[in-house]
Amino acid sequence: MTGKERIERLQKWWKIFKTSRGFHNILLYGVFVAIAALFWLVMALNDSIEESVDVGIRIYNVPDSVTFIDDPPAEMRISVSGKGTSLLQTCLLRRPTVNINFKDYADRGVFRLPASSMIGLLKSTFGTSVDISSYSIDSLRLQYTTSPGRRVPLVLNANVSAADGFVIAGKLRCSNPAVTIYCASPDNDTISRVYTEKFVKRGLNTSEQVEVKIRPMPGFKVVPAKVTVTIPVETLVKKKSTIAVRVINVPSGESLLIFPANVDVTYFVPMSRFNEADTDINVVADYNDLASHRSGKLPVRIGSHGSGYVNVTLLTDSVEYTIVR
């Protein structure tokens, strides 16, 4: 049977079924169920019920020059009771919002909304037909400033380490090397830097991004409140180089000839630095070590090396020498 034939067959069945007595019985039954449900809903809505709802908090008429040091809450939780019809109109079909005029409660850097004003605003939002039994925020006290913000450096407070065979390849990178601070009392603003909360990451074997919060400072607002820190991690690879030995502390009027003049050194570097020149690895032979070594050889050692080198090892621990006077 083709698809077209199936559709024609279903259409024919439907024409027969909808004119049958069974279909009319089902339709009549559905109408009575809908009417009963409607009556039940009307009766239920006339009963007194109690409900907890989230209420939005909106502060309006805030001047563009104002920056809140303490962030205003976005919402509060309240318990209300009343007839179902009243609650349906005021808070169940929509999210109620308490609208607060900034200019009515702001004075010299502090926004104060007392408990008496809060309950008055809630009653005006829900109307007299709804009883308010409890609310999570009974008053507001928020600091603000009209002074412009100031940029200061951000210091990362981090403790990170790589897994064996890997290395932290360079400095940690921050999405915001500097942040903007706002002070409630500009005369007391002596902050020269801001720190992140301490974060710890150990045993890393791949680069990672971490979202870190700024350490809170009473009386200050920091923008942004959190930053993204990138921890660069690279695989370590082994490398071997020949480094010239530098002789130090030779007395005036003498010279020290050494053989060999170059020695081999092995070390590990991040993979991205494998092809870089090894100009910041120093191998030294100290003339003063002759007094404690009578074997005819002069010890050599690693004098210094760059921060990107790991496990720098000499393959030769001493060289032959000749003193020329």
- If you project the alpha carbons of the stretch 200-325 onto their three principal axes, what span does each projection cover, largest first, in Å? 71, 35, 23
- Message: Net charge around Ile191, counting only other residues with Cβ within less than 14 Å of its Cβ (Lys, Arg = +1; Asp, Glu = -1)?
- Response: +3
- Item | Ser307 accessible area, 1.4 Å probe, all protein chains in place, Å² to nearest 10 | 120
- Could you calculate the FRET efficiency of Lys226 with Ile248 from 1/(1 + (r/R0)^6), where r is the beta carbon distance between them and R0 is 51 Å, rounded to 0.05? 0.55
- Roughly to the nearest percent, how much of the accessible area of the stretch 223-288 is carbon and sulfur, given a 1.4 Å probe? 54
- Item | Ser79 paired with Asn157, simple spin-label distance in nm, labels 7 Å along Cα-to-beta-carbon | 3.9
- Task: Could you sort 313-324, 133-144, 263-274 so that the peptide with the highest average Cβ count within 10 Å comes first and the rest follow in order?
- Result: 263-274, 133-144, 313-324
- Query: How high is the FRET efficiency from Lys240 to Asp289, r the C-beta distance, R0 35 Å, rounded to 0.05?
  - Reply: 0.90
- Query: With each label point set 7 Å from Cα along the Cα-Cβ vector, what nm distance links Ser307 and Ile119?
  - Reply: 6.1
- Item | Label-point separation in nm, Val66 to Thr146, each point 7 Å along Cα→Cβ | 1.1
- Where the stretch 151-275 is the region considered: accessible area per residue in Å², 1.4 Å probe: 58
- Message: For the stretch 202-232 and the stretch 101-122, what is the centre-to-centre distance using only Cα atoms, to the nearest Å?
- Response: 35
- Could you calculate the contour length gain from Phe259 to Ile137, that is, 0.36 nm times the residue separation minus the distance between their Cα atoms, to one decimal place in nm? 35.7 nm
- Message: So if each residue of separation counts as 0.36 nm, and I subtract the Cα-Cα distance between Asp317 and Glu50, what length gain in nm does that give?
- Response: 87.6 nm
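The values are calculated or read from the model by the stated rules, or taken from the named source; none is laboratory data. These numbers were taken from a predicted model, which means no experiment stands behind them. A quick note on method: Cβ atoms are made from the backbone with ideal geometry, for glycine too, and the neighbour counts reach across all protein chains shown. Please note that ligands, DNA and RNA were not included when accessible areas were found on the heavy atoms of the full protein model with its side chains. Shrake-Rupley method; radii C 1.70, N 1.55, O 1.52, S 1.80 Å.
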